[in-house]
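Student: This structure is in structure tokens; I'll ask about it shortly.
Since every read-out is calculated from the coordinates, none of them should be taken as a lab result. Please read all numbers here as calculations on a predicted model, not as lab measurements. In this analysis, Cβ positions are derived from the backbone assuming ideal geometry, glycine residues included, and neighbour counts consider all displayed protein chains.
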Amino acid sequence: MSELAIFGGPKIRTEPYPQWPVWDERDLQAVTDVVRSGRWGGYPYPGPQTAELARKFSELQGGGYAVPMINGTVTMEVALRAAGIGWGDEVIVPAYTFQATASAPMSAGAIPIIVDVDPNTYCLDPKAVEKAITPKTRAILPVHLAANMADMDAIMELAEQHNLIVIEDCAHAHGAKWRGRGAGTIGHFGSFSLQSSKTLTAGEGGILLCQSAEHAALAASIIDCGRPHALGGGPEDPHGLSTQGGNFRLSELQAALALVGIQRFPEQARQREEMAAYMDESLSEVKGVRVLKRDERHTTRSFYCYIFAIDPQDFGLEHDLLCAAMEAEGILCETGYQAMHNYDLFQPQRSKLAVPNTFPEYFNFKDMHLPEATRASEHEAVWLDESIFRAGPQGVDEVIAALRKVQRNAGELKK
């Protein structure tokens, strides 16, 4: 019989990982209280739970004006609109990220300019950003991916030189810090997701951190059907600030769940960060594995998934075969995102959307050359689920045991 579980051998991990989302009587009580209050939805905005979430989340990240809303894609669209960015403007986005980072600018009427990533971190490459800046560029949308953060020093320097807005996509970075500053507080905006798999969740939802009171007031107006809102949480703007908007409000039920999640978050984040350091050390001893570089300016790590890279030739397998074998061993892992120009979920040229049909020259994907994102998505990247890191040292040890087991038997998988 084969040693590999994928061919009938014994699994490395046989017990379930810690559940996600985590819940207890506090969540049940919080939801019950909202149900009994009769104020379930998001109108009038913000409700008491939503206002408290905004305050607590700003404290968690270390600053900014928080505007909770319906999800972490709308947050990016709203940030662009609040900054006055729209029709025909260019917004630079990384090639290796979830499709929402590129689709959000199109919803605002802007054009996503897809550029390559740094092979050491898989985050947006500032050198590629600099080359992509044109007179039409209005914003940069860096993504803090997995356990890394984009080089915010270099990105903010480029933004200052070219008078650009920076919107940090922090869907993976609740609690992360760069030079001691919270993710989402370094750029002009920070976009966070509360989707069910994220490390701070309300099932669905998002929060936009704004660094100016005016942007926060505009964002609140945009998500509340254009109604005027207060500047910086004070009394309603006497000038009657309002704009064209829609209903993207967060419900009181979701806000209540997120507030309980914030209570648990610091200890969960501490445990993940501690186990990530152990994973870095353990992976560095496996032949053919490359631990992504951690910048010393990235002072606190917080992550949604942990990514490492393999050299297929040196390791002995391509990453898709490796992940299939690891899954069979009971290890929660996957190959992750596709590069944006090859992404099955990102096909704007097949739609009736206004931006790709008006500016088709920007969406000629077959001519795009994005070698680092392509290499990561098609050959190198291995994504580990965050629950592995809440399983303690045993969870890390099992990953290493499974990697070594698969590597020993790589020949079987290639037949």
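Student: Order by neighbour count: Tyr304, Tyr343, fewest other Cβ atoms within 10 Å first, most last. Write out the running numbers ahead of the final one.
Tutor: Values: Tyr304 23, Tyr343 20.
Arranged by neighbour count, lowest to highest, Tyr304, Tyr343 become Tyr343, Tyr304.
Student: Along the charge dipole of the chain, which of Thr32, Leu403, Ala159 sits closest to the positive end, that is, farthest toward it, with unit charges on the beta carbon of Lys, Arg, Asp and Glu (+1, +1, -1, -1)?
Tutor: Farthest along the dipole direction, towards plus: Thr32.
Student: A further question follows. Using R₀ = 22 Å, calculate the FRET efficiency as 1/(1 + (r/R₀)^6) where r is the Cβ-Cβ separation of Lys136 and Asp367; round to 0.05. Intermediate results must be reported in sequence, preceding the final value.
Tutor: Values: r = 19 Å, r/R0 = 0.87.
Efficiency for this residue pair is about 0.70.
Student: Roughly speaking, what is the stretch gain from Arg404 to Trp87, that is 0.36 nm per residue apart minus the C-alpha to C-alpha distance, in nm to one decimal? Intermediate values should be presented prior to the final figure.
Tutor: Details: separation 317, 0.36 × 317 = 114.12 nm, distance 5.17 nm.
Here the answer is 109.0 nm.
Student: Placing +1 at every Lys and Arg Cβ and -1 at every Asp and Glu Cβ, with all other atoms neutral, what dipole size does the chain have around its Cα centre, in debye to the nearest 20? Kindly include the intermediate steps, with their values, before the conclusion.
Tutor: Numbers: 37 positive and 53 negative charges, 95 e Å.
It works out to roughly 460 debye.
Student: Hey, what did segment 265-413 get for relative contact order, percent, Cα under 8 Å, at least 6 apart? Write down the numbers at each step before the final one.
Tutor: Values: 174 pairs, mean separation 52.6, N = 149.
It rounds to 35 percent for segment 265-413.
Student: Right, something else. Given the options Ser193, Ser302, Ser351, which has the most mean-square fluctuation in a GNM of the chain, springs set between C-alpha atoms less than 10 angstrom apart?
Tutor: Looking only at Ser193, Ser302, Ser351, the biggest GNM fluctuation is shown by Ser351.
Student: Further, regarding this structure: What does the charge dipole of segment 265-413 about its Cα centre add up to, to the nearest 20 debye, if the Cβ of each Lys and Arg holds +1 and the Cβ of each Asp and Glu holds -1? Spell out each step's value before the answer.
Tutor: Numbers: 16 positive and 26 negative charges, 62 e Å.
Here segment 265-413 has a charge dipole of around 300 debye.
Student: At what distance in nm do the modelled label points of Gln244 and Ser387 sit from each other, each positioned 7 Å from its Cα along Cα→Cβ?
Tutor: Here the answer is 4.4 nm between the modelled labels.
Student: What percent do you get for the relative contact order of the chain when only Cα pairs under 8 Å and 6+ apart count?
Tutor: Details: 879 pairs, mean separation 87.0, N = 415.
Once divided by the residue count of the chain, the mean separation gives 21 percent.
Student: Give, rounded to the nearest 20 debye, the magnitude of the charge dipole that segment 41-123 has about its Cα centre when Lys and Arg contribute +1 at Cβ and Asp and Glu contribute -1 at Cβ.
Tutor: Numbers: 3 positive and 7 negative charges, 63 e Å.
With Lys and Arg at +1 and Asp and Glu at -1, about 300 debye.
Student: Order by neighbour count: Tyr45, Tyr122, fewest other Cβ atoms within 10 Å first, most last. Before the final figure, lay out the partial values.
Tutor: On the way: Tyr45 22, Tyr122 30.
Ascending Cβ contact count within 10 Å gives the list Tyr45, Tyr122.
Student: Please give the contour-minus-distance gain from Gln29 to Gln271: 0.36 nm per residue of separation, less the Cα-Cα distance, rounded to one decimal in nm.
Tutor: Details: separation 242, 0.36 × 242 = 87.12 nm, distance 2.60 nm.
This chain segment gains 84.5 nm when fully extended.
Student: Now for a separate question. Quick one: how many lysine pairs in the chain have C-alpha atoms under 19 angstrom apart, if they're 8 or more apart or on different chains?
Tutor: 11
Student: Now, a different point. With n ≥ 4 as the cut-off for DSSP H runs, can you work out [θ] at 222 nm for the chain, using -39500 (n - 2.57) per run divided by the number of residues, rounded to the nearest 500?
Tutor: So the calculated ellipticity at 222 nm is -11000 deg cm²/dmol.
Student: While we're here: In sequence order, what are the phi-derived ³J(HN,Hα) couplings for segment 253-266 according to the Karplus relation 6.51 cos²θ - 1.76 cosθ + 1.60 with θ = phi - 60°, rounded to whole Hz, with x for glycine and proline?
Tutor: Working through the residues one at a time gives 4, 5, 4, 4, 5, 5, 5, 5, x, 5, 4, 7, 4, x Hz.
Student: Exposure proxy check: Arg13, Arg408 ranked by fewest other beta carbons within 10 Å?
Tutor: Numbers: Arg13 21, Arg408 12.
The order, fewest Cβ neighbours first, is Arg408, Arg13.
Student: I want the local charge near Leu194. Using Cβ-Cβ distances under 13 Å, sum +1 for each Lys or Arg and -1 for each Asp or Glu among the other residues. Intermediate values should be presented prior to the final figure.
Tutor: Values: positive: Lys56, Lys198; negative: Glu204.
Surrounding charge for Leu194 is +1.
Student: Let me ask you something else. Report the one residue of Leu321, Gln347, Cys333 whose Cα lies farthest in the direction of the positive end of the charge dipole of segment 239-361 (charges on C-beta: Lys and Arg +1, Asp and Glu -1; origin at the Cα centre).
Tutor: Positive-most Cα among the choices belongs to Gln347.
Student: Below 8 Å between Cα atoms, with a sequence gap of 6+, how large is the relative contact order for segment 1-150 in percent?
Tutor: 16
Student: Rounded if a/c is under 1.5, else prolate if a/b beats b/c, else oblate: with a ≥ b ≥ c from the C-alpha gyration tensor eigenvalues square-rooted, which is segment 265-402? Please report the intermediate quantities before stating the final value.
Tutor: Values: a/c = 2.27, a/b = 1.73, b/c = 1.31.
Verdict is prolate for segment 265-402.
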